[in-house]
Amino acid sequence: MILFPAIDIRGGKCVRLIQGDYTKEVIYNSSPISMAIDWEKQGAKYIHVVDLDGAKTGDSLNERAIKEIVEAVSIPIQVGGGIRTMQQVDMHLSYGVSRVIIGTAAIENPEFLKTAVVKYGSKVAVSIDARNGYVATDGWTKTTSTKAITLLADLVEMGVKTIVYTDILKDGMLAGPNFVELAMMNNASTIDIIASGGVTTVQDIKMLKQQKMYGAIIGKALYEGKLSLTQLMEDGIDGE
């Protein structure tokens, strides 16, 4: 199982939100680039980057910071947040991003997603962000009438290989992931699932590993010192 330290960028800074609420922001580092370098030094094998401004507006407002992160580290980077056009997909992959994550557009513009998957295959992932089992869009500000499990079935047909599944009500709460929904999603298909939201303890990670998740994104727990990436790597928890 791959552990993905998260770098959420807003206004050019590394921040964390609580339950996706843009009014509940904590700034952890003024430089996302130095944060990425630090995660690599601590042993990260992959970094998860989110453009929070882009997620809300659909514009790649933090493109420069993301590009500088890619240039600053040698490990792969996956990027999500506001990627809603082929031009944005092409742009991110052209400067070395390993995988782009499409969120809102997977619901609002499935033809765009199909085009991206046909062109780039496994370099395109989809973010399923759910509130009470229903998909949320536009930086989690809107909840749709589409069930997450229904969207998952559509993504399988489309050929998507990887999804990031976030339980919004768990995100930033340091209260553990939604293991029940994660297991349901993981058992419903062969798509690789990256768990996101609420990963707080070593036991959480061990449980996700037992559930055979492809990966787990860790955010606030690392920034608040609840988990040590260095220790996790030394203990081999990120292995198979």
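The values are calculated or read from the model by the stated rules, or taken from the named source; none is laboratory data. Note that the coordinates shown come from a computational prediction; the quantities given were computed from them, not determined experimentally. Quick reminder, even Gly has a Cβ in these numbers, built from the backbone with ideal geometry, and neighbours come from all protein chains shown. These area figures cover heavy atoms from the full protein model, side chains too; ligands, DNA and RNA do not enter into them. Shrake-Rupley method; radii C 1.70, N 1.55, O 1.52, S 1.80 Å.
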Original post:
Between GLN87 and GLU108, what FRET efficiency comes out of the Förster formula 1/(1 + (r/R0)^6) with R0 = 25 Å and r the beta carbon distance, rounded to 0.05?
Top reply: 0.95
**OP:** Sketch the reach of a paramagnetic label on ILE149 as a point 7 Å from Cα along Cα-to-Cβ, and name the residues of region 105-137 whose backbone nitrogen lies under 14 Å away.
**Re:** 132-135
**OP:** Could you work out how far the C-alpha centroid of region 195-240 sits from that of region 50-91, in angstrom?
**Re:** 24
**OP:** Please work out whether region 1-124 counts as rounded, prolate or oblate from its C-alpha gyration tensor, where a ≥ b ≥ c are the square roots of the eigenvalues and a/c under 1.5 means rounded, while otherwise a/b larger than b/c means prolate and anything else oblate?
**Re:** oblate
**OP:** On the full set of protein chains, 1.4 Å probe, figure out the accessible area of MET91 and give it in Å² to the nearest 10.
**Re:** 40
Subject >> FRET efficiency, TYR22 to ASP235 (Cβ-Cβ, R0 41 Å, nearest 0.05) >> reply: 0.70
**OP:** Find the relative contact order for region 160-240 and round it to a whole percent, using C-alpha pairs within less than 8 Å whose residues are 6+ positions apart.
**Re:** 29
Original post:
What does the convex hull of the alpha-carbon atoms of region 171-240 project to on average, in nm²?
Top reply: 4.3
**OP:** Please calculate the 1.4 Å probe accessible area of LYS147, with all protein chains present, and give it to the nearest 10 Å².
**Re:** 100
**OP:** Calculate for the chain the 222 nm mean residue ellipticity that helices alone would give, adding -39,500 (n - 2.57) per DSSP H run of length 4 or more and normalising by residue count, nearest 500 deg cm²/dmol.
**Re:** -10000 deg cm²/dmol
Original post:
Stretch GLN203-ASN29 to full length: gain in nm at 0.36 nm per residue minus the Cα-Cα span?
Top reply: 59.9 nm
Subject >> Surface per residue (accessible, 1.4 Å probe) for region 1-148, Å² >> reply: 41
Original post:
Taking 0.36 nm per residue of separation and subtracting the Cα-Cα distance, what length does fully extending MET158 through GLU68 add?
Top reply: 29.2 nm
Original post:
Here are some pairs, LYS45/LYS123; LYS13/LYS67; LYS119/LYS147; LYS67/LYS206; LYS56/LYS142; LYS45/LYS161; which of them have Cα atoms lying more than 21 Å apart in this structure?
Top reply: LYS119/LYS147; LYS67/LYS206
Subject >> Sequence of MET233, MET213 when ordered by accessible area, the most exposed leading, probe 1.4 angstrom >> reply: MET233, MET213
Original post:
Shape of the chain from its Cα gyration tensor (a ≥ b ≥ c, root eigenvalues): rounded if a/c is under 1.5, otherwise prolate when a/b > b/c, or oblate?
Top reply: rounded
**OP:** Considering Cα pairs under 8 angstrom that are at least six residues apart, work out the relative contact order of the chain and quote it in whole percent.
**Re:** 19
Original post:
To the nearest 10 Å², what's GLU111's accessible area with a 1.4 Å probe?
Top reply: 110
Original post:
For ILE101, what is the net charge nearby, where nearby means another residue's Cβ is under 11 Å from its Cβ and Lys, Arg count +1, Asp, Glu -1?
Top reply: 0
**OP:** Run the accessible area of the chain with a 1.4 Å probe and give the carbon-and-sulfur part as a rounded percent.
**Re:** 49
